[in-house]
Amino acid sequence: MYEIEYVSGALGAIIHGVDLDRPLERKEIDFLKTAINDFEVVFFRDQPINPKSHVRFARYFGVPQLHEAYGNLNGYPEITILENNLANPSKIEAWHSDMTFRRCPPSGSVLHGLIIPERGGDTMFASMSAAFEGLSDKMRSFLSGLTAVHDFSYGFKESINEPGGRERLNEMIQNNPPVEHPVIRTHPESGKKGIFVNSLFTLEIKDMKQRESSSLLRFLCEHLTLPEFTCRFKWETDSVAFWDNRITQHKPVNDYWPSERLMHRVTIEDGRPPI
Ligand SMILES: [Fe+2]
């Protein structure tokens with residue numbers, strides 16, 4: 001039914017032969033659920049989906065987050081507009097999984113590319129299960145008993161330190177006190193184990209001396225971005241990426257400024273905290 005084009009050894013597959021602009025059949029949804037569990041991030045080409053189709057596709061995999069704030073598509077609180085251009089360069093550089101500062105971080109995101117720069121603007125993904133498998137048995141069992149602290153204020157420290165930043169983000173800071181997650185989490189569907197610390201939001205490892213914690217985090221964040229654990233996706237207009245946020249990290253490659261890049265994103269809630 002579908003043709004699968006592998007993107008790298010560790011993760012990622014482009015799935016050909018599906019039309020996301022129409023409702024999918026049960027067997028198609030089941031196929032895609034198996035594919036996302038296997039490949040951790042899946043991509044589609046030539047999908048000129050409208051916002052309704054975008055939200056419908058995300059709903060097959062969970063409940064979309066709602067955003068009432070500025071930056072959302074008119075009439076579609078589920079769709080966040082990500083727009084970068086001359087006046088608004090992309091700021092996020094670090095490898096991360098999304099919103100790990102929350103007790104229940106999102107399970108995934110569906111990103112639709114609308115305006116893609118002629119050169120640059122790829123997204124990199126890393127498999128946290130491959131990164132975990134790439135550690136020694138000793139290191140895996142050592143990490144499996146550890147807990148890490150994730151913090152919104154740590155992730156957004158640069159924005160907070162801008163003039164007026166703390167006032168602007170005060171509500172987010174108040175609503176997002178630091179949270180704890182296991183350093184190694186188990187994916188609830190595939191059963192795969194993956195590293196669950198990231199350089200953007202993970203503040204420290206609990207019950208360790210500060211030097212131990214920062215050395216271990218530095219090692220893990222370097223380890224999990226080794227080329228062997230990653231793939232790189234080159235966007236085209238109407239490409240769609242769907243990543244599992246529980247078992248991957250991603251990094252936007254900011255090499256296209258001042259070109260324009262416009263994406264629509266739907267983020268899928270996960271009602272369960274990581275275990
Ligand atoms: Fe992200």
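The values are calculated or read from the model by the stated rules, or taken from the named source; none is laboratory data. Note that the structure is a prediction, hence the values are computed from the model and not measured. When we count neighbours, we look across all protein chains shown, and the Cβ atoms used for this are built from the backbone with ideal geometry, even at glycine.
Looking at (1) surrounded by fewer than 16 Cβ atoms within 10 Å (Cβ to Cβ); (2) among the β-branched types (Val, Ile, Thr); (3) touching a Gly at 6+ places or on another chain (Cβ under 9 Å), can you tell me which one Ile115 breaks?
Ile115 satisfies every listed condition except (3).
Of the conditions (1) farther than 20 Å from Val42 by Cβ; (2) within 14 Å of the ligand (Cβ to nearest atom), Pro252 clears all except one; give me its number.
(1)
Tell me, which residue of region 205-227 that is loosely packed, with under 13 Cβ neighbours inside 10 Å and touching a residue at least 24 places away in the same chain (Cβ under 8 Å) is farthest from the chain's Cα centre (by Cα)?
Here the answer is Asp207.
I'd like to verify a number: residues in region 264-273 that are of a type outside the set (Val, Ile, Thr) and within 11 Å of the ligand (Cβ to nearest atom), how many?
1
Here are some conditions: (1) in the same structural domain as Pro23 (by TED's automatic domain parsing); (2) surrounded by fewer than 16 Cβ atoms within 10 Å (Cβ to Cβ); (3) of a type in the set (Phe, Trp, Tyr). Phe142 meets all but one. Which one does it not meet?
Only one criterion is unmet by Phe142, namely (1).
Among the listed residues Ile115, Ile81, identify the single one that is β-branched (Val, Ile, Thr) and farther than 25 Å from Gly271 by Cα.
Ile115
How many residues are touching a residue at least 60 places away in the same chain (Cβ under 8 Å) and either among the β-branched types (Val, Ile, Thr) or out of contact with any Phe, Trp or Tyr (no Cβ under 6 Å at 6 or more places or on another chain) (or both) if we restrict to region 160-180?
2
With (1) of a type in the set (Lys, Arg); (2) in the same structural domain as Glu133 (by TED's automatic domain parsing); (3) within 16 Å of the ligand (Cβ to nearest atom) as the list, and Lys193 as the residue in question, which single condition is left unmet?
Every listed condition holds for Lys193 apart from (3).
Here are some residues: Trp257, Trp243. Which one is within 24 Å of Leu111 (Cα to Cα) and surrounded by fewer than 19 Cβ atoms within 10 Å (Cβ to Cβ)?
Going through Trp257, Trp243 in turn, the sole match is Trp257.
I'd like to know if region 111-121 contains one or more residues that are of a type in the set (Asp, Glu) and more than 20 Å from the chain's Cα centre (by Cα).
Yes, that holds for at least one residue.
Might you check whether a residue that is within 19 Å of the chain's Cα centre (by Cα) and outside the structural domain of Ser190 (by TED's automatic domain parsing) occurs anywhere in region 20-33? Can you show your working first?
Residues of region 20-33 that are within 19 Å of the chain's Cα centre (by Cα), as a first pass: 32-33.
Going one step further and asking which of them are outside the structural domain of Ser190 (by TED's automatic domain parsing), we end up with 32-33.
Yes, region 20-33 contains at least one residue that is within 19 Å of the chain's Cα centre (by Cα) and outside the structural domain of Ser190 (by TED's automatic domain parsing).
For region 247-257, does any single residue satisfy the condition of being within 19 Å of Ser127 (Cβ to Cβ), assigned by TED's automatic domain parsing to the domain that holds Leu73 and charged (D, E, K, R)?
The answer is yes, given that some residue of region 247-257 is within 19 Å of Ser127 (Cβ to Cβ), assigned by TED's automatic domain parsing to the domain that holds Leu73 and charged (D, E, K, R).
Being at pLDDT 95 or above, on the phi > 0 side of the Ramachandran plot and away from the ligand (no atom under 11 Å from the Cβ): is that true of Gly121 here?
yes
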